[in-house]
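Read through the structure below, which is laid out as structure tokens, and then see the notes.
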Amino acid sequence: MEYIALTGIADSVIEILKKHELRTLEIRNPQNFFGVLGLNAGDSVLLTSTSLQDLTDGTSGLIAKVIQKEISVHSFVSSNDLYIEERETLSARIQLECRHMARVRSVISNEIGKPVRVDARDISCYEAR
């Protein structure tokens, strides 16, 4: 099945999501942010600790269902006697519900500025690799 993949997610975050059915993640990584933009509530997503550059066939990950998605803008203003500086950042918060483990069959799209798309299959609990 085809999924949007969020890469470089910390192993500890994936383990917490496995143990607790519902968790919210804040996504600031630009590549993963593009992936979140392509998701809606009810969609499934693959999370993996593997980096974007190392994502290949056979990479394992966690399939989670998107419960909620929120995009927010944070503005920061700093100043002194000489200048005023304003910065803005975009971030996404997604609430996920753990489903099952999966393994990537093939990487469909891995382009900068676009969501990472993979074809993945479920891993049975008795399957070894």
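Is it true that some residue in segment 5-24 is crowded, with 16+ Cβ neighbours inside 10 Å, on the phi > 0 side of the Ramachandran plot and under 11 Å from the mean Cα position of the chain (by Cα)?
So in segment 5-24, the residues crowded, with 16+ Cβ neighbours inside 10 Å come out as 5-9, 14, 17, 23.
Subset that is on the phi > 0 side of the Ramachandran plot: 8.
Checking the rest, the ones that are also under 11 Å from the mean Cα position of the chain (by Cα) come to 8.
Scanning segment 5-24, I find at least one residue that is crowded, with 16+ Cβ neighbours inside 10 Å, on the phi > 0 side of the Ramachandran plot and under 11 Å from the mean Cα position of the chain (by Cα), so the answer is yes.
Does Glu15 fit the bill of being assigned to a helix (DSSP H, G or I) and over 18 Å from Ser109 (Cβ atoms)? Show your work before the answer.
Details: assigned to a helix (DSSP H, G or I): yes; over 18 Å from Ser109 (Cβ atoms): yes.
Spelling it out, Glu15 is indeed assigned to a helix (DSSP H, G or I) and over 18 Å from Ser109 (Cβ atoms).
Let's see how each residue does on (1) in contact with a Pro (Cβ under 7 Å, 6 or more places away or on another chain); (2) among the β-branched types (Val, Ile, Thr); (3) at pLDDT below 90:
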| position | (1), (2), (3) |
| --- | --- |
| Ala5 | no, no, no |
| Ile9 | no, yes, no |
| Ser12 | no, no, no |
| Lys19 | no, no, yes |
| Thr24 | no, yes, no |
| Ile27 | no, yes, no |
| Val36 | no, yes, no |
| Gly42 | no, no, no |
| Ser49 | no, no, no |
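Could you go through segment 53-68 and let me know if any residue there is more than 21 Å from Asp122 (Cβ to Cβ), among the basic types (Lys, Arg) and modelled with pLDDT of 90 or more. Can you show your working first?
Residues of segment 53-68 that are more than 21 Å from Asp122 (Cβ to Cβ), as a first pass: 53-54, 68.
Restricting the remaining residues to those that are among the basic types (Lys, Arg) gives none.
No: zero hits.
Just to confirm my filter: which strands (runs of 3 or more DSSP E) fall fully inside segment 31-129 and include at least 2 residues that are polar (S, T, N, Q), at negative phi and surrounded by fewer than 16 Cβ atoms within 10 Å (Cβ to Cβ)? Outline the logic, then answer.
Numbers: elements: 44-47, 60-79, 84-109, 116-122.
The qualifying strands (runs of 3 or more DSSP E) are 60-79, 84-109.
Under 7 Å by Cβ, and 6 or more places apart or on different chains, what pairs join a residue from segment 12-27 that is free of Cβ contacts under 8 Å to residues at least 60 places away in the same chain with one that is outside any helix (DSSP H, G or I)?
Within 7 Å, the pairs are Val13/Leu25; Ile14/Leu47; Ile14/Ser49; Ile14/Leu62; Ile16/Arg23.
Each row is one residue, and each column tells you yes or no for (1) of a type in the set (Lys, Arg); (2) touching a residue at least 12 places away in the same chain (Cβ under 8 Å); (3) more than 21 Å from Arg23 (Cα to Cα).
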{"position": "Gly38", "(1), (2), (3)": "no, yes, no"}
{"position": "Leu46", "(1), (2), (3)": "no, yes, no"}
{"position": "Thr59", "(1), (2), (3)": "no, yes, yes"}
{"position": "Leu62", "(1), (2), (3)": "no, yes, no"}
{"position": "Lys69", "(1), (2), (3)": "yes, yes, no"}
{"position": "Ser78", "(1), (2), (3)": "no, no, yes"}
{"position": "Tyr83", "(1), (2), (3)": "no, no, yes"}
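Could you list, in sequence order, the residues of segment 92-129 that are small (Gly, Ala, Ser) and modelled with pLDDT of 90 or more? Please lay out each step first, then the result.
Step one: of segment 92-129, the residues small (Gly, Ala, Ser) are 92, 102, 106, 109, 113, 120, 124, 128.
Ala92, Ala102, Ser106, Ser109, Ala120, listed by residue number.
The values are calculated or read from the model by the stated rules, or taken from the named source; none is laboratory data. Predicted model only: the values in this text are computed from it and were never measured. No Cβ is skipped: glycine too gets one built from the backbone with ideal geometry, and neighbour counts run over all protein chains shown.
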